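These notes are about the structure you will find just below.
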Amino acid sequence: MLSDSAKWASLGYCLKTKNGDEIIQGVFVKVVVTGKSKREQDLVVYFKGLPSAASWPTFTKEGSPKIFDQWTSRNFELEGRKILEKVVNVDKNFYKAFQLASQRIQEIILEQLALKKEVRKIRYIGHGMGGVYALLSGITFHASFGPYPVEIVTFGQPPVGAKNFAKLVNDLRKYKVEAYRVTYSNDYVPKLPMSTREPMLFHHAYEIWITEDCSCPGSQDVFVCSGPIVDGFITEHPDCNKGSKSISKKANRGPYFGHLMGRCPLDQSDTQ
């Protein structure tokens with residue numbers, strides 16, 4: 001599952017306008033149906049990442065926050081009901097970038113579901129900023145598409161919201177919405193922002209940490225990381241990506257299970 005998801009995240013960098021791929025308010029997204037048979041068909045929604053954190057809507061070139069004291073307060077819904085009694089806080093700039101494209105993304109998914117009704121589950125996949133779009137899409141749209149289980153797999157994703165948002169993502173597993181975030185070595189992006197002592201953005205749980213390149217899950221270089229529970233919140237494991245002492249900007253590209261990010265694997269040309 002993780003190797004296949006890494007493949008789609010890498011293919012996200014092949015999306016470009018000259019190929020006829022659709023760009024929605026600056027967001028490249030593609031929806032495909034994949035599977036060996038009709039009973040095993042998945043709807044894959046994959047996003048193109050951005051070249052560096054400096055081009056993201058939230059961070060400066062140095063990896064410092066632009067406007068972290070401004071939040072977008074959101075009530076995410078499940079089957080028409082509010083999941084939480086109170087709103088959760090998502091980074092304003094991340095959510096604004098997603099919201100501009102969200103309606104058309106939802107339409108594309110609905111169009112594909114209408115054509116392929118025998119879908120086993122819906123998978124949202126992305127790297128870096130593409131991972132932000134994948135996460136927000138998965139938790140925003142899951143109540144709109146019927147009883148399909150949702151799987152969200154992100155690679156080198158920065159934290160997206162406050163602690164209450166991260167806890168919401170964790171709690172959604174009981175509703176068949178499973179989110180996994182894959183980190184590589186000492187990648188700096190999951191550690192953002194790096195200019196404050198106290199974290200303002202938090203990660204959801206279920207980190208898959210790769211210490212070195214490997215070709216398949218389950219090797220000695222891949223760890224499932226889940227930190228201690230503090231006040232009902234699953235914290236990041238101190239011995240995984242968060243605990244790596246040095247930082248590397250190159251590590252954000254991986255490789256993840258043999259797949260490099262940032263370049264289209266079909267032509268090996270930089271599509272940024």
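The values are calculated or read from the model by the stated rules, or taken from the named source; none is laboratory data. Computed from a prediction, not measured in an experiment: that's the story for all the values here. Heads up, the Cβs are rebuilt from the backbone with ideal geometry, glycines too, and the neighbour counts pull from every protein chain shown. All accessible areas refer to the heavy atoms of the entire protein, side chains included, with ligands and DNA or RNA removed. Shrake-Rupley method; radii C 1.70, N 1.55, O 1.52, S 1.80 Å.
Look at Glu118 and say whether it is more than 16 Å from Cys240 (Cα to Cα), outside any loop (DSSP other than H, G, I, E, B) and acidic (Asp, Glu). No, not satisfied. Evaluating Arg123 against the criteria (1) at pLDDT below 90; (2) closer than 23 Å to Ile234 by Cβ; (3) crowded, with 18+ Cβ neighbours inside 10 Å leaves one unmet condition, (1). Annotation for the stretch 214-235: no member residue is open to solvent by less than 70 Å² (accessible area, probe 1.4 Å), in a loop (DSSP other than H, G, I, E, B), modelled with pLDDT of 85 or more and not aromatic (Phe, Trp, Tyr). In the stretch 247-268, the residues that are open to solvent by 10 Å² or more (accessible area, probe 1.4 Å) reach residues that are among the β-branched types (Val, Ile, Thr) and part of a helix (DSSP H, G or I) with C-beta atoms within less than 8 angstrom, at least six apart or across chains, in these pairs: Asn252/Val189.
What strands (runs of 3 or more DSSP E), lying completely within the stretch 128-211, carry at least 1 residues that are in contact (Cβ under 8 Å) with a residue 60 or more places away in the chain, open to solvent by 30 Å² or more (accessible area, probe 1.4 Å) and within 20 Å of Lys48 (Cβ to Cβ)? Fully inside the stretch 128-211 and qualifying: 177-184.
Just so you know, in the stretch 1-46 the residues that are among the basic types (Lys, Arg) and open to solvent by 60 Å² or more (accessible area, probe 1.4 Å) include one that is farthest from Lys116 (Cα to Cα), and it is Lys18.
At least 1 residues that are farther than 18 Å from Ala162 by Cβ, among the hydrophobic types (A, V, I, L, M, F, W, C) and modelled with pLDDT under 90 in each: list the strands (runs of 3 or more DSSP E) lying fully within the stretch 1-99 that qualify.
Working: elements: 27-34, 42-47, 71-74, 88-91.
Once the strands (runs of 3 or more DSSP E) in the stretch 1-99 are filtered for at least 1 residues that are farther than 18 Å from Ala162 by Cβ, among the hydrophobic types (A, V, I, L, M, F, W, C) and modelled with pLDDT under 90, what remains is 27-34.
Within the stretch 38-49, residues that are over 27 Å from Lys16 (Cβ atoms) have Cβ atoms under 6 Å from residues that are of a type in the set (D, E, K, R) and open to solvent by 20 Å² or more (accessible area, probe 1.4 Å) in these pairs: Lys38/Glu118, counting only partners at least 6 apart in sequence or on another chain.
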